Amino acid sequence: MSGGDMAKPLLGHGSMEGDPSITPAAGRTIGVLGSGDFARSLAIRLVCSGFKVVVGSRNPKRKAGLFPSAAEVTFQAEAVKKTDVIFVAVFREHYSTLCDLADVLAGKILVDVSNNTKINHHKESNAEYLASLFPACTVVKGFNVVSAWTLQSGARDGNKQVLICSNNQEAKRTVAEIAQVMGFTPVDMGCMSSACEIENIPLRLLPAWKIPIFLALGLFLCFFTYNLVRQVIHPYIREQKNKFYKIPIEVVNTTLPCVAYVMLSLVYLPGVLAACSQLYYGTKYRRFPDWLDQWLQHRKQIGLLSFFCAALHAVYSLCLPMRRSHRYQLIEMAVKQAVEKKMNIWVEEEVWRMEIYISVGIIALGLLSLLAITSLPSIANSLNWREFSFIQSTLGFIALVISTLHTLTYGWSRAFDENQYKFYLPPTYTLTLLVPCTVILAKVIFSLPCIQQRLLRIRRGWEKGRYVKFVLPSATGEYSSGETSSNV
């Protein structure tokens, strides 16, 4: 790993100068207690950011080779004496081993970077426990949400936020100063009582993905069951044909595009409902219902899951000709044509349908890929607001329209063929068209000038039924006040 890249903080000194409470800190000496993976990564990042680093270890001779040559590795007591800011990179159960250093640590700033193995594992947070062991020290909780990989590779390859909390404002400013020089964004989380919440953050497994994942799984199970009945159960009951071999590939491949298509429409449906609410109440200041608010916040995850299902559908489709069953069917069809002496089986309509179907599907997948890439923080941060809005909103809606065309060309005229209705159940693609077509129709209606202008006025602050004061001159030349409704 080159130290040149790591030595360049993402925020730069310019952003630090914008905050009068934070001054450049590069060059000061920072202590690190511990010799584990996180301690080594922390020492590397501090050295590359211009700090002098002193590492305190119980076995300095054996651990010295693990740290950069610019860092001084010595005994813990010696390291503590050389600095006023010390990162405590040891586990909670080893805090007691530092009690012998209580006198030397008095008056120092201790930065607790530890995490637990379970959420709310202890009654008190690790930082509060450390503060109780060393009452003469100032404890700051921070850097626990940053991984060792992020420290080594630089903030641009991971989360740039460093959550900080402490009961001492001056100590928080000092740690925030160090974090900014290292290229991170310090976030003040308040007093030490927030430490428990900060320590729980790294232990939560995809908290923003639970609802979208359950939604995708629910849609998958519903469509999978529906397709299973139509493609496998129906021929087995009505024609005594064993087609259970279709379950692993063909039934799944029929289900995935349904989930992807509906999930994509669910990304834009809450925006339609929000616009309807604003038009109905005539204001943008009325809070949306909690379910709609949560739905709006999960649109990114829903969109990424839509892209995931679409990508799987593309891979499954490419694998269809590789199946042994498909080869048997081709041979059987060729033998049947030879027996019936059919020389030309070319069907112009079917050829055009498949050509258009595949072409439109590739375009839709390409647009979904663009939406997924630009939703990544590293890419989104390089776009301005208008660029991001154009890609996610305008191109996203175009992707929904093209996906609709992809679905329609797949169905073609088969929706009107009575043989396609198995157990009187309509083809699956006809069901998937309900929500997307509703969204597209609503978008078209909202684009009408009369509705678009009213919605734009509401989003700029206009409110229905709001009264505004005005002043008019009277016949005698004096001014009299009155009020009128803003929707007149």
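Within region 383-411, track down each residue that is among the aromatic types (Phe, Trp, Tyr) and free of Cβ contacts under 8 Å to residues at least 60 places away in the same chain.
Trp385, Phe388, Phe390, Tyr410
Considering only region 319-340, I want to know if a residue exists there that is under 27 Å from Leu215 (Cβ atoms) and either not assigned by the TED database to the domain that holds Leu221 or not aliphatic (A, V, I, L, M) (or both).
Yes, that holds for at least one residue.
From the list Val145, Val104, Val90, which one is open to solvent by 20 Å² or more (accessible area, probe 1.4 Å) and in contact with a Pro (Cβ under 7 Å, 6 or more places away or on another chain)?
Exactly one residue qualifies, and that residue is Val145.
Tell me which residues, restricted to region 254-276, are more than 26 Å from the chain's Cα centre (by Cα) and open to solvent by less than 50 Å² (accessible area, probe 1.4 Å).
Hit for region 254-276 is Thr254, nothing else.
Just to confirm my filter: which helices (runs of 4 or more DSSP H) fall fully inside region 89-183 and include at least 3 residues that are farther than 19 Å from Ala43 by Cβ and outside the structural domain of Ser378 (by the TED database)?
Result: 102-105, 126-133, 169-181.
From Phe91, Phe87, grab the single residue that is without any contact (Cβ under 8 Å) to a residue 24 or more places away in the chain and of a type in the set (Phe, Trp, Tyr).
Phe91
Just to be sure before I move on: is Tyr421 under 29 Å from Thr374 (Cβ atoms), modelled with pLDDT under 95 and either open to solvent by less than 80 Å² (accessible area, probe 1.4 Å) or in the same structural domain as Gln278 (by the TED database) (or both) in the structure I sent?
So Tyr421 fails the test.
Just wondering, is there one or more residues in region 36-43 that are more than 34 Å from the chain's Cα centre (by Cα), open to solvent by 70 Å² or more (accessible area, probe 1.4 Å) and in the same structural domain as Val162 (by the TED database)?
The answer is no; no qualifying residue exists.
Scan region 396-412 for residues that are open to solvent by less than 50 Å² (accessible area, probe 1.4 Å), over 18 Å from Leu266 (Cα atoms) and either among the small types (Gly, Ala, Ser) or not in a helix (DSSP H, G or I) (or both) and jot them down.
If the condition is that a residue be open to solvent by less than 50 Å² (accessible area, probe 1.4 Å), over 18 Å from Leu266 (Cα atoms) and either among the small types (Gly, Ala, Ser) or not in a helix (DSSP H, G or I) (or both), then Gly411 is the only one that fits.
The values are calculated or read from the model by the stated rules, or taken from the named source; none is laboratory data. Owing to the predicted nature of the structure, the values given are computational and were not obtained by experimental measurement. Every residue, glycine as well, gets a Cβ built from its backbone with ideal geometry; the counts of neighbours run over all protein chains shown. The area values use the complete protein model at the heavy-atom level, side chains included, leaving out ligands, DNA and RNA. Shrake-Rupley method; radii C 1.70, N 1.55, O 1.52, S 1.80 Å.
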